[in-house]
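Values quoted throughout were computed directly from the atomic coordinates according to the rules given, and no laboratory measurement underlies them. Since the structure is predicted, the reported quantities are computational estimates derived from the model, not experimental observations.
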Amino acid sequence: MLQNIEEKSSGNAVHNQLKSQSFTGLSETEAATRLVTEGYNEIPASVRKGFFSTAVDVIREPMFLLLFACGAVYMVLGDVQEALMLLAFVFFVVALTLYQERKTEHALEALRDLSSPRALVIRDGSERRIAGREVVRDDILILSEGDRIPADAEILQSLNLLVDESLLTGESVPVSKSEENFMYSGTMVVQGQGIARVYATGVKTELGKISKILQTLSQEETLLQKETSQWVRILSILGISLCFLVITFFGILHADWLNGVLTGITLAMAILPEELPVVLVIFLAMGAWRISKKQVLTRKMPAIETLGATSVLCVDKTGTLTMNRMSVKKLFSGEDFIDVDKTLSATLPEKFHALLEFGTLASQLNPFDPMEKAIKMLADQRLDQQKLIHQQLDFLHEFPLSKEQLSVSRAWKSPESDTCIIAAKGAPEAIINLCHFDEEQTARMTKLIEVMADEGLRILGVASAYCPTPDFAGKQHDIPFEFLGFIGLSDPVRSSVPSALAECYKAGIRIVMITGDYAGTACTIARQIGLKNPDLFITGPEFQTMTDQELQERIKNVNIFARVVPEQKLRLVHAFKANNEIVAMTGDGVNDAPALKAANIGLAMGARGSDVA
């Protein structure tokens, strides 16, 4: 069946064309006006310190003040060689500091590079290629494979459109997009074509909002840096005081004030612990070299020291604690469960055929998503292809996933019938909502969901509908769906995780799991890996209703945060730090960047981690 669908759909796709000629877009006059009133489509550059201000910050250190003073005295004495040697050392350190300042601005520069590619737009009814920074709100974008999206936009037309949003979400799987879906600045089209209307540019885009947060977050000093600065400050005051005393007594006793100044400065420099920063840098560099052998690159050297003081490590579940390799483990349909691995027959019982078949029809034909791949693989292996009722189908329309409705519906039509066949899959609560269950039915389904979640399974609900061709401009909720069942998928725990957790606990580090999954699924995984307090959790919606004080109190014993969105990680970091914890946070997407920067240690994970992270 699936091969027939693929052949039929690919044949239709060749003849299906986007109707760009039906759009006139903005006029050049309107676009110019909006460019003046709303500004260019770019992220403002971070406020950089100039050379002079950076140099002043460095020279204000006691050691460099003494070096300058000593160099000036040598100049007065005519010993130019000694003076230049001392001053050359100061200028070298200033140059090194300027280089480090430039490196710290890399994150915002990466965002600027992503947010301003070139764009193909429709202006005055004709297509024009313009600089990405000149795109304005309500511009009509024409997008095709390989294009980087210049601004946040709503899709008006699409054709087999897949978008790589990994830089925002960290997810390695491209996302299918259709009409009424949204696309975000900086993401990339990896397949298909689309026409979209811009609704946000510059700092109003998702990238822009993240850049504003990054600009407001300052990098904290490590504990060692704070303690070292304190001791240097104390010893500096002592050294400078002794310096003035020596100069005063030497000048009075020997009537030689110039040599008195040199003697006083020499004594102060001997007392000041100028070797301490050098020794610390050497030891931190050795630490960075050692962990580089474990394929960990250190961007900020002080993080090596902070690693030893870490008290809380926040980690994602999927892909970090688990393998991110899905397989279907359990099915529910009618009144019965079936454990797929324990079913000995080559084909599944008849009652589960429709569940798997419609689960496949609600997925992409050539899926990228691990869950969709797992469903298609099981359908190919275990369904009797001769008994399938849908042999020839044409794809009509997709109702996309949205924040309001966490499900996807795909409409199909058979050439031999006027009836439209619609398959839906998604979050169990979304499918229950589509099927218009009453309170009693919802309560029963909730218990079944809890049973599957307690086994550590990720759960998808599946529903079907047969009806005349619906109004595709309407909502999924208006379609008469019939509930088919649940598909439970497992994502195995990485074999190294339990021992790694035990090692962290032995080192006095608390582990916190953050996931978008059900709390029941997260708790089961927690028990498998040996996480402490595996039955205590806080969900994203709960999280949202708490005050900062309530959150700080609750997180003292809770190690599982379920149904959490990436934007909530930043608040979680601040809450842990308010409890005087030293926090390490893992992440890979742009939307993880604020939490990574706010944490005492930010860990950008994986080869696909974004430049900003």
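Remarks
- Beta bridge orientation in the range 350-470: antiparallel %, DSSP, nearest 5: 100
- Distance violations [Cα-Cα > 29 Å] among LYS317/LYS475; LYS294/LYS330; LYS212/LYS532; LYS204/LYS532; LYS293/LYS597; LYS317/LYS376: LYS317/LYS475; LYS294/LYS330; LYS212/LYS532; LYS204/LYS532
- Fraction of the pair-distance distribution of the range 327-490 above 25 Å, Cα-Cα pairs, percent: 27
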